[in-house]
Amino acid sequence: MTLALLLAALLAIGCVVAVALPFLREPDPESDDLAELDESERRRLDLLEARDRVLASLRELEFDHRTGAVSDEDYRALVGPLRRDAANALQALEREGSTTTAEAPKNEERPVGKRIS
Amino acid sequence: MAELGRAALIVTLGLSTYALVAGAVAARLGRRRLAQSAQNALVAAFCSTLVASAVLLGALLRNDFSFTYVARTTSEALPTAYTISAFWGGQEGSLLLWLLVLTGFGAAAVRLNRGWARDLIVWVVPVFAAVAVFFSFLVVAVASPFATQAAPPDGAGMTPSLQNPYMLAHPPLLYLGYVGLTVPFAFALGALLSGRTDERWLVATRRWTLFAWTALGVGQLLGAHWAYVEVGWGGYYAWDPVENAALMPWLAATAFLHSVMIQEKRGMLRVWNVLLVILAFSLSLFGTFLTRSGVVNSIHSFTQSSIGPWFLAFIGVVVAVSVGLVLWRLPLLRSPTKLESPISREAAFLYNNLLLLALCLAILWGVVYPLLSEAVRGEAVVLGREYYDFFLRVFGLPLLLLMGIGPLVAWRRASLASLLTTFRWSTGVALLTGATLLVLGAGSSVPGLVAYTFSAFVTATIVLEFARGTRARKALGATSWPGAFSSLIARNRRRYGGYVVHASIVLLAIGIAGSSAFDSVAEARLERGESMEIAGYRLVYRTLDERIAANATEIRATLAVERGGDDLGTLEAGKNAYTIEEQVSNEVGIRSDPLTGEDLFVIAEQIDPDGTVYFRVFVKPLVNLIWVAGIVFLLGSLITLWPDAREQRRLAERTREIGVPATR
């Protein structure tokens, strides 16, 4: 009984220390803010996802055409719009990049805080 | 040591509650250290649950009958392996296992993804914690595995049907599956709460979902084999409510694994995918409720208990909160693209989803109907095998056909002319197979014949896909044919692993159709020396023996088996009388033919004192393909689950491009 309670107490103390560790390690941090994606980063992430999606679709279409799973007729009908989408996605990313660069001085003032790792 | 177990669970409850509250506050206010602290609490909750689990396992291995749970589920004579399986054999232990796996998965999923999806993770932690609070509350306050008593001289023992090697793997795998579905659920809700409904929650949970789905699938097949060899009624799936309870989340997860591809490729079905994840998780909770509440009459419901109302209330809260969140975030979940054509891969996947969901809901209705009819009319009306078989045919056969069509149709749209070209070989093979089987007499069961024909179609498409893909890889520069084949799989594990899984479903369909639509059955009361015949076999009842085993008395009838004049050896069937448990079980005799996949299955239904035995004998063609399907399914799942270095690089690149360090 005594041993069990002693072990239970040790377990509880260990858990409390683990939970308190971030505060023990950094009792007085420069910033305690969570580093979240800002509006432009989120927009850029959406564009990157769109770009990767359309590039993956293009790769798959090319391979399916090569294997014969997609006929020449279907390939011709599909590849044009996909290439246009890919070009649009890349252009949108470029535009977003130049906008972000222009906004950079404003962003520097934003409190970034330490990232969770 | 029961005090340590109890204390550890109270610590888990405290840590989970802290992770829920602190995690929610940290996410809402954007507090970094508090968010880290909540994550640490989740990891610590796993550690304290591990301590509680070690205490219970130790008590089981010591046969410490001062633990009420140990005394109720084991005995001195129980072999050690089954003593270990008693951990999940009873209600309290299985809830503890749920909690252990939940906290472990939660801690692992959070730590693995926090580097690249941290703004999402801070919202995922409180969701995990909320589920952990519920389960830790149950094992602390409602169904504690650490209740104690004055130790009796021996335990009550284990239900005989559970004393089977399959019980060492079947329940834990189902639990891994049930609990594994918490991961996509927590990330989906985290995405809704945080408003980060981009692709990251899908990427973070894809492998977890696949893992949970694989565990559920393999767990169900092991359970089916357990029922086949141990329960002794001549079948492997009885549409038992608890069997259905595992099948339903598996079907919902199957639908999700297909529809998620549409979101990844086309950005569509965002609301649908979130709803499927919520459905799969809610059904996994419902499955645990059915198994452990004793609310339904099932061979699996070993306990009547008081946890039912708690579970129902929790399921209600989960569904209400989740649906509320989806409605709140609807504007964020709008799809940027639309379905372009009803003849396209996304359309085929959508049809597949609708059929899977329809089958899932038909099964759900069959499960809850007895409960509803009892509540309304005071009499439980059970929907029988015919009900489930009907819907399996109506929804299952088109699903089988779609499995062959879907992967070969182009994304966005395909022309009819192209479809005819693409499927000409597969259709030819299917029609030839159907016609041949019809000539050979397989027309006695139309659903069976259709299943075989569709299976031939799907098999042909899979073989053609591998053949064409390998040829294309070779043309692209692979040095050898084996090299081209392995490069084909390595470059697109999801697609080609998926085809292997489809092949396993074909084997399953052939096995089920063969063993259920074309089986034979015969019954006879035989005295020693007498014989009976079935489907070309002749069985001669030779001897009846009784022997004493470690925990049971075994009675076995020996039969000599012949076919076409050839001696095929002997077969034993009988019963085990378990002394401590005071129960008797059927011990069936099975002779498998490795060449044809056929089983001769003998049940000694009744053994009279004068040695006369009433035998029931089945011949089940192709039944062994069902178990082979399990191995192929596992292989396909492993291919799909295997980490993809190129995908990892792409994600790392993407996160680097937005200026976030990729630490995954």
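Where a number appears in this text, it was derived from the coordinates with a stated rule and is not lab data. In this text the structure is predicted, and so the values were computed from the model without any measurement. Don't worry about glycine lacking a Cβ; one is built from the backbone with ideal geometry, like all the others, and counts go over all protein chains shown.
Restricting things to alpha carbons, find the Rg to Rh ratio for chain B using the Kirkwood radius for Rh.
Here Rg/Rh amounts to 0.99.
Can you give the net charge of the other residues whose Cβ lies under 15 Å from the Cβ of B:Arg385, counting K and R as +1 and D and E as -1?
Residues near B:Arg385 contribute -4 overall.
Using the reciprocal of the averaged 1/r over all distinct C-alpha pairs, how large is the Kirkwood radius of region B:313-399 in Å?
Computed over Cα pairs of region B:313-399, the Kirkwood hydrodynamic radius comes out at 16.3 Å.
Note the full-extension length gain between B:Glu554 and B:Arg393 as 0.36 nm times their separation in residues minus their Cα-Cα distance, in nm to one decimal. Each step should come with its number before you reach the end.
Numbers: separation 161, 0.36 × 161 = 57.96 nm, distance 4.05 nm.
Going from the current span to full extension adds 53.9 nm.
Which value, in debye to the nearest 20, gives the size of the charge dipole of region B:1-109 about its Cα centre, when Lys and Arg are +1 and Asp and Glu are -1 at the Cβ?
620 debye
Can you compute the FRET efficiency between B:Glu374 and B:Gln583 using 1/(1 + (r/R0)^6), with r the Cβ-Cβ distance and R0 = 22 Å? Round to the nearest 0.05.
Once the sixth-power term is evaluated, E becomes 0.20.
What is the distance, in nm, between label points placed 7 Å from the Cα along the Cα-to-Cβ direction at B:Val439 and at B:Val25?
Here the answer is 7.9 nm between the modelled labels.
Averaged over its residues, how many other protein chain Cβ atoms are within 10 Å of peptide A:7-20's Cβ atoms? Could you put the intermediate results ahead of the total?
On the way: counts 7, 11, 1, 0, 10, 8, 0, 5, 13, 6, 2, 8, 15, 3.
The mean count of partner-chain Cβ atoms within 10 Å per residue comes to 6.
How high is the relative contact order of chain B, given as a whole-number percent (alpha carbon pairs under 8 Å, six or more residues apart)?
Over chain B, the number comes to 11 percent.
Taking 2.2 N^0.38 Å as the expected size of a compact globular protein, what ratio does the Cα radius of gyration of region B:1-158 give against it, to two decimals? Spell out each step's value before the answer.
Details: Rg = 17.5 Å, N = 158, 2.2 N^0.38 = 15.1 Å.
Working it through for region B:1-158, the quotient is 1.16.
Rounded, prolate or oblate: which one fits region B:384-541, using the alpha carbon gyration tensor with axes a ≥ b ≥ c (rounded when a/c is under 1.5, else prolate when a/b beats b/c, else oblate)?
prolate
When the dipole is taken about the Cα centre of the protein assembly as shown, and only Lys, Arg (+1) and Asp, Glu (-1) are charged at their Cβ, what size is it in debye, to the nearest 20?
Using only the charged Cβ atoms, the result is roughly 3200 debye.
With r as the distance between the Cβ atoms of B:Leu595 and B:Arg650 and R0 = 56 Å, compute the FRET efficiency 1/(1 + (r/R0)^6) and round to 0.05.
Numbers: r = 47 Å, r/R0 = 0.84.
Efficiency computed from Cβ-Cβ geometry: 0.75.
What do you get when you divide the Cα radius of gyration of region B:427-502 by 2.2 N^0.38 Å, with N the number of residues?
Ratio of Cα Rg to 2.2 N^0.38 Å: 1.42.
For region A:86-95, take each phi angle, set θ = phi - 60°, evaluate the Karplus expression 6.51 cos²θ - 1.76 cosθ + 1.60, and give the result in whole Hz per residue in order, putting x for glycine and proline.
The phi angles translate into 5, 4, 4, 5, 5, 5, 4, 5, 4, 4 Hz.
From other protein chains only, count the Cβ atoms within 10 Å of every residue's Cβ in B:465-474, then give the mean.
The shielding value for this peptide is 3.
Return the ratio Rg/(2.2 N^0.38 Å) for region A:37-106, where Rg is computed over Cα atoms only.
Dividing the Cα Rg of region A:37-106 by 2.2 N^0.38 Å gives 1.43.
What does the average come to when, for each residue of peptide B:33-45, you count the partner chain Cβ atoms lying within 10 Å of its Cβ? Provide the component values of the computation, followed by the final result.
On the way: counts 13, 4, 4, 9, 6, 2, 3, 7, 4, 1, 3, 9, 3.
The per-residue average across the peptide is 5.
Output the relative contact order of region A:37-106, whole-number percent, from Cα pairs under 8 angstrom with separation of 6+ residues.
Values: 28 pairs, mean separation 31.2, N = 70.
Once divided by the residue count of region A:37-106, the mean separation gives 45 percent.
In nanometres, what is the gap between the two model label sites at B:Ser306 and B:Ser520, each 7 Å from Cα along Cα-to-Cβ?
Rounded to a tenth, the inter-label distance reads 5.6 nm.
Please state the charge dipole magnitude for chain B, taken about the Cα centre, from unit charges on C-beta atoms (+1 on K and R, -1 on D and E), reported in debye and rounded to the nearest 20.
Working: 53 positive and 44 negative charges, 936 e Å.
Roughly 4500 debye for chain B.
Let me check the size of region B:570-664 from its C-alpha atoms; what are the radius of gyration and Dmax in Å?
My reading of the Cα-based Rg and Dmax gives 26.3, 84 Å.
Restricted to Cα positions, what overall size does the protein assembly as shown have along the principal axes? Three whole-Å values, descending.
98, 78, 58
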